[in-house]
Amino acid sequence: MKAIRIHNYGGPEVLRYEDAPRPRVKNGEVLIRVHAAGVNPLDCKVRAGDLTKFIQNKLPLIPGSDVSGVVAEVGAGASQFKKGDEVFAMADPTRDGAYADYIAIHATAIGLKPKSLHHVRAAATPVSVLTAWRSLFDLGHLESGQRILIHGGSGGVGHFAVQLAKWKGAYVLATASTENQELLRKLGADHAIDYTTHKFEDVAHNIDIVLDTIGGETQERSWLVLKKDGLLISLVQPPPKEKADRLGLHGMMCRVQPDGGQLSRIAKLIDSAKLRPMIDRILPLSEARRAHELSENGHVHGKIVLRVKDIEL
Ligand SMILES: NC(=O)c1ccc[n+]([C@@H]2O[C@H](COP(=O)([O-])OP(=O)(O)OC[C@H]3O[C@@H](n4cnc5c(N)ncnc54)[C@H](OP(=O)(O)O)[C@@H]3O)[C@@H](O)[C@H]2O)c1
């Protein structure tokens, strides 16, 4: 099969488009004919070797944590799926991923694809939407009427977080650059903040939850906007506990996990038009290098997706 592989860690130039063996399914696994693979900052971090402290990968490695495709083969113990099912999933980052014609994935990571989305849009969804869901609801217990500040509201995780928070009935403030202000409003943000012209702490007050997708000084300044007992959830760097305690606030780090059951439930939300993935651009699989360069630029609007199989959009 055709795949993108890395033989050593490094910049986008280590991504090679080449032939690779088709994966074999083991017990509890499903072989998916990949139609499209979403691109995540996580894929870039794996490629760069930034996660070798936490994840043991064998090289050569096929990157890619988001997939949408069709079940091609079902292993023993994965009978909840059948050949021909249209599915989407977050792949396990310790194994070969989705930048390939085929991927073997444990059945528990797989959900039934939203019927209303073609594979490209479905592939844009798993990692980002699972992260947004886990942050807002599993960790944040966000409730109707609460005030939430979402940094990077136009990015992969952020654009789902804004929509999910609105669906829950929260008052949503979100940050992005000038170019993305209209987009934030279209996603449903009640208050769009241009971080290039305003300090968010001058306009955001009395916040119950901050979702930090940026880290660094954005995280540091975020403590200032929280109300007493407020919660800062970060995707990028653990909020220091001593600081939170000193301020009478709370901090948590979110770590996304594959969860097929959750994806199937989210698919229903998508099919009822409550949530929609947004695409920045679609590239062929062979242009994964370009996709990583764009992702690492840090200004993706929604998601970049690699088209693996020729499909009608
Ligand atoms: N811990 C976990 O489990 C987990 C899961 C998923 C993602 N992550 C991490 O979370 C981070 C975000 O992921 P993502 O997929 O959402 O990334 P992304 O799609 O690349 O998002 C980038 C977005 O951030 C915005 N942005 C850049 N600088 C900003 C600033 N100073 N203030 C506000 N917004 C800014 C950009 O908007 P403009 O173009 O308008 O600037 C862009 O829309 C990444 O580091 C990723 O690795 C962690």
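The values are calculated or read from the model by the stated rules, or taken from the named source; none is laboratory data. None of the values given here were measured: they were computed from a predicted structure. Counting neighbours? That spans all protein chains shown, and the Cβs are built from the backbone with ideal geometry, glycine included. SASA here: full protein model, heavy atoms, side chains in, ligands and nucleic acids out. Shrake-Rupley method; radii C 1.70, N 1.55, O 1.52, S 1.80 Å.
Only residues that are touching a strand residue (DSSP E or B) at 6+ places or on another chain (Cβ under 8 Å), more than 8 Å from the ligand (Cβ to nearest atom) and open to solvent by 10 Å² or more (accessible area, probe 1.4 Å) were counted in the range 144-176, giving 5.
All of L59, L51, L42 fail the test of being in a loop (DSSP other than H, G, I, E, B), touching a helix residue (DSSP H, G or I) at 6+ places or on another chain (Cβ under 9 Å), in contact (Cβ under 8 Å) with a residue 12 or more places away in the chain and hydrophobic (A, V, I, L, M, F, W, C), apart from L51.
Annotation note: of S264, S286, S295, the sole residue that is within 12 Å of the ligand (Cβ to nearest atom) and assigned to a helix (DSSP H, G or I) is S295. Away from the ligand (no atom under 11 Å from the Cβ), under 20 Å from R255 (Cα atoms) and of a type outside the set (A, V, I, L, M, F, W, C), is that true of D138? Against the criterion (away from the ligand (no atom under 11 Å from the Cβ), under 20 Å from R255 (Cα atoms) and of a type outside the set (A, V, I, L, M, F, W, C)), D138 qualifies. Exactly one residue among G230, G248, G261 is at positive phi, at pLDDT 95 or above and either open to solvent by less than 40 Å² (accessible area, probe 1.4 Å) or over 19 Å from the mean Cα position of the chain (by Cα) (or both), and that residue is G248. Scanning the range 182-207 for residues being assigned to a helix (DSSP H, G or I), open to solvent by 20 Å² or more (accessible area, probe 1.4 Å) and within 9 Å of the ligand (Cβ to nearest atom) gives a total of 1. Within the range 127-134, is there a residue that is assigned to a helix (DSSP H, G or I), free of Cβ contacts under 8 Å to residues at least 12 places away in the same chain and not hydrophobic (A, V, I, L, M, F, W, C)? No, because not a single residue in the range 127-134 is assigned to a helix (DSSP H, G or I), free of Cβ contacts under 8 Å to residues at least 12 places away in the same chain and not hydrophobic (A, V, I, L, M, F, W, C). Got at least one residue in the range 151-170 being in a strand (DSSP E or B) and modelled with pLDDT of 95 or more? No: zero hits.
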